[in-house]
Structures are given as C-alpha cells and as structure tokens.
1. Could you sort 12-20, 603-611, 102-110 so that the peptide with the highest average Cβ count within 10 Å comes first and the rest follow in order?
2. Would you mind putting 83-96, 348-361, 513-526 in packing order, based on average other-beta-carbon counts within 10 Å, highest first?
3. For segment 560-691, restrict the atom set to alpha-carbon positions and state the Rg and Dmax in Å.
4. If you count only protein heavy atoms with a 1.4 Å probe, what accessible area per residue comes out for segment 622-720, rounded to a whole Å²?
5. Does segment 1-158 classify as rounded, prolate or oblate by the C-alpha gyration tensor (a ≥ b ≥ c root eigenvalues; a/c under 1.5 gives rounded; else a/b over b/c gives prolate, otherwise oblate)?
6. Straight-line reach from Lys306: which lysines fall under 25 Å, measuring Cα to Cα and dropping same-chain residues less than 8 apart?
7. Once you have all Cα-Cα distances for the chain, histogram them in 10 Å bins from zero and send the whole-percent values.
8. What are the semi-axes of the equivalent ellipsoid for segment 149-244, taken as the square roots of 5 times the Cα gyration tensor eigenvalues, largest first, in whole Å?
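The values are calculated or read from the model by the stated rules, or taken from the named source; none is laboratory data. These numbers were taken from a predicted model, which means no experiment stands behind them. Using ideal geometry, Cβ is built from the backbone for each residue, glycine included, and neighbour counts are taken over all protein chains shown. When the accessible area is computed, the model is the full protein with side chains, heavy atoms only, and any ligands, DNA or RNA have been set aside. Shrake-Rupley method; radii C 1.70, N 1.55, O 1.52, S 1.80 Å.
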Amino acid sequence: VFDQAEVDREKQVILKEIVMRSTPPEARINQRNNEIVYPISNKQYPVIGYTNLFKKLTREDLVDYYQTRYVPNNMVFVVTGDINAEEMMDKLKLTFQDFPRRILVPVHQPLQPKREGTLEFVEEFNVQQPKIYLTWILPAEDYVEQPAIKAAIEILFRNRKSPIRYKLLEELQLVNYIYAYTRSSMIYPEGEIAIVFEAKRTEYIDDIIGIIDDELEHYAQVGIEEKDLQSLINKNRAQKLLSTPSVSSESNRIGWSMIRYGVPDRFESYLELQETLSTEDIREVIAEYLCDQNRIIFNAVPLGEKQLLEDIKDTDIVKSDPQKIRISDKLTLIHRQNSEKPLIRGVIWLPLSSEYESMVTAGNLDLMLDLMFKGSKDFESLDISEWKEDHAVRVNHEINRLGTTIQFKCLKDDFQTLSKMLFDAFNNPVFPESELALAKKDADAYYKRSLTDAFDLHQEFIRSTLFPNSKDGVSNKDILENVNMMTRKDLLDLQNRYFRTDEMIVTLFGDLNEDEAIVIVEDIYRNFPHDPEFPEKTISDMLVTDKVFINQYELEQVNLSLNFLAPALGDRDFLTMRAIYALLKGARGRLYNATRGNNDLAYFAFADYQFTEDFAYFRLTSQTSIDKKDELISVLKNEIDRFMKELVSDEELRIAIEEDQKIIKAYLNDNQLPYFMTYYESIGLGYDYLYHSTEYLSRVTPEDIKNAANKYFVEATIIVSEPVNTVKLLVD
C-alpha cells in the first residue's frame, strides 16, 4: 500500500537512524576509508545512504523500487525450525503463485582495480587515539586464493599468540588492538584484504607499519609451520560443531550464504579447501598479496595530530648514503643509516670458502655452519628457535667458492640478545646430537627428493661431466654419505680448525649512526675466533670438449646446457663477459627473443656466469620437450655463434646495459643492498660496484665482445638430460 502517512512517519525514523549510524567518529572513519579505498567502486557509498538524497524520496520512488527489485527471481526464502519441508514448499508455491517474475535489470558495479604503489592518506577526526587501515584490492580473478589468504591472516593475526598480534599488542605494547580480514563474494567485482589497528600514540604509527611489513616479509620467506595450519583447521571445525545458533541467526546465515556464494552452507566446502592447503601455499599468498606494496594506507588521527605525523615523517627519519669505513687492514665496515624503521640488517663476510673442501669432505662445511647456530654453551637449540620466531629474527648463512656470509635482520632492541647468541655460536658451539640426527634426516629426505627432480638430476649430471673425479663433481649420494659419516667430534674439530679469520667485512644497514655501527663491528671482530690455518684450496679443472653428453632419466622434461670456459675475476675480458651476459638475459635479451619471442622452443632459458680469481665458466641453461630439443640446441648455438661472427650494434649494447641497470636498481633497497655490497666488496670490485656498473660496462666495445667470444666460445660442452624411450609423455 505504501500509505503516504506511514511513508512520512517512517522517513523521520530512518533519518534519525542515519544520523545515529553515520555521525559517530568511528562511523565517519570507516566511511572515509571506504571512500579512499574505492574511489570508483559502489563500495565507496554508505549502505544506509545520504540524508540529502533520502529526504527527496517519494512514495512513487518506493513503489517503483519495490516492483523492480522485490521479485521472486531476486529472492531467497529461508525457513528454519520444526517444520515439514514438503508442506512448507506447498505453502510457498501457493503463496507466490500470483507473484510474477520480472526482468531484473542488473545494477552497474564499476570495477575498482588495484591502485598502483602505496597511497597514504592522513586525516583528523574527533577521536582520542589513531586508527589505521592497510588495504589491498583483491581482484575477482584471484578469489581462488582467498582460502589461503584467510588462513594466512588468521594464523598471523587472529589469536592471542598469533605472532604479529602478540608482538604489537603484548610484547611491544604499541597498539590497543589489531586485526585483519579478507572479503570476497560472487556478487562483488573485487574483494579486499585489510589490516586494521589502533595505535596507542600517533608517533608510533610508522614504526608499527614497519614492524608489520617486516613480519610479513619474514613469513613470506620462511613460511608458517604445519602445526599452525592444522591448529587453524581443527579450530574452525570445532567452532562449527560447538556452535548452537538461534533459528533467526541460522536463517540469516543461510540467506547470506545463498546470496554471496549460491549455496546454503559453504562451511564444509570451504573447510575442504583449507584442508588441501600446504604451508607453501600459505607462504606464497603472503609473499604475493600481503607483501604487495600496491596498497592504501589510511591514517585517522586525533584532531591536531596530522602535522605531528607529517613532521615525524619529514624530520625524524635520517637516511645516509652507503659508505665504506676501513677500521683496520683486516676489518671493513659498510654502513648506511636509515632510521625509518627500528631495524638492523647485517651481513658478515668471512674468507671461509667451499674450495677448502675435498671429495671426501664436500658438504661438511655447510653442515657445520648450519648446526653452529642450533645450540651453544649458553643457548639451547629450542630456546634459540623460539626466541627467533617470537621476535621475527632472521639469521641465514651461505658458503660458496667466494667465502662465507652470515646474514641477520632484527629489531634494534633485539640486537643485543642476538649478538650474544651469535658470539656464543662462534666460540662455543655444542653441535647437539639431536640436531645432528635431524640434519642427517633432512639431508636424506633432500637426496630422495632430488632423485625425482629433473632439474636436480640434470645439475648433478653437469657436475659429474664437467668435473670428473674432483670435488665439484661429487654426486648428491656421495655428499649424503659424507654428511652421514660426520660425528659431533668431527664437527667440533672442523669448527675449531676452519671457523677462524683475521679478515672480515661487516655491513650494517638500519637505525644506527656511524659511531654505533663502528662499536658493533669492533665487538663482532673481537668476539670472533682468529689465527686461521687454512689448507690449500682445491680448484677443480673443468672439462672442455666440443661434445654432447646425454643423460637419460624417467622424467619427461628435457634439460640442457651449453658450457664454456670464461675469464676469471680480474681478467681483462671479465667486463666483456659481463656485457655478453647482459646482452643475453632479460625479457628483451637475445635468449628470450630466440627461444620464446620468435620461437616457441623453451619453458625457460637463461645465462649464468660464475667466477672466482682462479676459475670461471659461462653457461646457457634451458628446458624444453623432447621434440624440440635439437632445434633448441641449434638456436642456442646460433646465438653464441653470432657473437663470434657478427659485431653487436652500439644501439643493442646500449639498450642491454640500460636494461641491466634497471634490474640492478630493483636491488638497490635496504633489503637486498647489504648482501650485494658485501659481495662486490669481497671480490674486489668495490662495495659501490652496482652504482658504477653501467659506467664500467659502457667501456666495452663491440670489437671486445667479438674477440672475447672467439677466445672463449670456440668449444661448447653440451649436456642434455632427457626421458628414456619408455617414459609415457604427458605432452606428445
């Protein structure tokens, strides 16, 4: 009927409701966030509407809307309770028999695409404490990842002991609350992921966001534990079983589930999806979605504090250019101050090289380094693991031909404890029997996995072919046997003999001024074992022959590589070979154009240039199918022959160097830069090589490239791993 008097009366009631719901500061903040996040989408509008538009509504508007939208084909009818379903269906059919279906005109829903880069907004509201939203747009085509995203944020934010929530709320006490959510539905053209928190003080906001980002980056690299994933699944199932909803809430839930997902109960199917997830799935969505910097940050701060936050951003952050400080002939510091976040990133480089290993000790130094940090005199292994997890501290190590690096990243407040752990590991490792046993089991599992990994098998075949009867040609099985032979006493002897140095490079980036950094570096050096007595290095000779070597396995992929000798570090042709590498790599490089751009020959193809002062090789690696193997080899050889027969144009060389510089610039941030600066300083090119590489490579001429190619590319050792004839091919 829509009686006019009732319409007028109800409009006054609803106007009061709009005021009640829309005027509180919290409501204004939520609405403003929607407007900022969704400037194109209909989600920018408040569901309850605007008073100025609502006042203009007439009875005729209501009748028209009712007749347009309240039709059977736009309706979900839910009945819950002690009923007979068949009788209820008969009643429904009778009731709606004269209720005609009508054409339902779709509502236009403009798509809100991802916003490029980080967009940050600061606005003042009549509140006492700041509220912050970090929001990512989730495209509809990515809804398939929503179960993994939801699992990730529940593990990281939902419970009291969830790592990010616990750290910010209880350990550091920087927030009053923090939560995260993800929304997606078949009725929306896009979804969202959001992290919301209330900071105790406005000046804490940047530090909190920095900690969230670093924690997310940490879990994007190391992932979450299987027990946490299973705990989440068990908890979700238990909550469903333990819930006793009222008939009204159950009806409401079913109705919304039908509207949003087209099924009355999504729980079981959703739980089945969660149960198929792996910890690697969770790690991948954290890396892809939560570490994505295409996001919107909305800071709703108390009145008068917008300028405070802007002043903090402008004046309190100190950033310096990286610099090298020679503390002594044996000790070098590379330092960069950045007070944007209370973090320290560090790299310790030692001249402990894998070239000190032999055929019977290959793999042992890496085992020793790994177990050094899993238990020492003053720190139990489990205590170390728990402390690192609770504080999101990362410690990684690597040993290769060029030396050993130990990388770490932690909050500045945690560095004192971390340094004590490191120093005790340097001087008093325990090498617990339990950890040694676990390491051997892990090595055995890795070996077994490698037996069914085509790329691993191919790499092993390369080593055995190019370096026969030498350390670099040792098989995975022999490395496993070396590891299994190690005892705790062997590890203690190995550490006491090898883990010593008088030479060290330490790189420190973060919230440290120069004086603080020097004190830390001197402390690290003082607490490190000295007086090394290294044996002679074992330098393997690489087989060079213009032959093809075939390895057959029970796998479908064809892996192949073309291998060449190359100029060693310090050779006059070193930069020339780097220029050749630049010409081949990248999406605009010769390899891509030859194998993917102009031909459909390979799944991937890349160049690799490895070098030390004593040894170097250049390699092209690719993977394809058996029917395209010969053509791919021919195409790769042709690209090498072109360097030998033709002069590269100045324009192509210039573009390749520019592209190389673009890739390098991607690493010029405080996450990657400490490692690369340490690396280039350790090999003698200088910590600032990345900044000058374009200048160095620009000195290479087309004639230099042709001469070097004819010097090093004359003979190619071609190594192929391919399926045996009995393998049933998935792709013929």
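1. Packing order, densest peptide first, comes out as 603-611, 12-20, 102-110.
2. Descending mean neighbour count gives 348-361, 513-526, 83-96.
3. According to the Cα coordinates of segment 560-691, Rg and Dmax are 15.8, 46 Å.
4. Solvent-accessible surface per residue comes out at 47 Å².
5. oblate
6. Correct list for Lys306: Lys131, Lys200, Lys319, Lys341.
7. P(r) for the chain, in whole percents per bin: 2, 10, 17, 21, 20, 14, 8, 5, 2, 0, 0.
8. Taking √(5λ) for each eigenvalue gives 24, 17, 15 Å, largest first.
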